[in-house]
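Working notes, beginning with the structure itself.
Computed from the coordinates by the stated procedures, all read-outs in this text should not be read as laboratory data. On a predicted model such as this, the values are computed, not experimentally measured, just so you know. Positions of Cβ are backbone-derived with ideal geometry, glycine not excepted, and every protein chain shown enters the neighbour counts.
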Amino acid sequence: MEKENILIQFGQEVQRLRNEKGLSQEQLAEIAHVHRTYIGMIERAEKNITLLNIEKIAKALKVNIKDLFD
C-alpha cells in the first residue's frame, strides 16, 4: 500500500524543523511528551498522527501548527 502523500510531507517537515533546531528524535519526543519511537514513525510516514499530537509537536518545535504543513 502506498503511503499517503500528506503523511510523507508532514513527516519530512517535522524532520526538517527538528534538524534545523538541532534536536534528536528522542529530544523532540521528550519535549513533546510522546514516546521516543513515535517521532521516527511520524518522520517515516508510518503513523497517521492525531490533531492533539500535531499540536504537541508544533509546541515542542516552537512553530505554528500551519508551519508543519508548509
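Restricting things to alpha carbons, find the Rg to Rh ratio for the stretch 5-61 using the Kirkwood radius for Rh.
Rg/Rh for the stretch 5-61 comes to 0.91.
Can you count the Lys pairs in the chain whose Cα atoms are under 14 Å apart, with each pair 8 or more apart or on different chains? Don't jump to the answer; show the numbers that get you there.
Numbers: Lys3/Lys47; Lys21/Lys59; Lys21/Lys62; Lys56/Lys66.
Pairs that pass both the separation and distance tests number 4.
Compute the FRET efficiency between Gln9 and Leu52 as 1/(1 + (r/R0)^6), taking r as their Cβ-Cβ distance and R0 = 22 Å, and round to the nearest 0.05.
Computed FRET efficiency for Gln9 and Leu52 comes out at 0.65.
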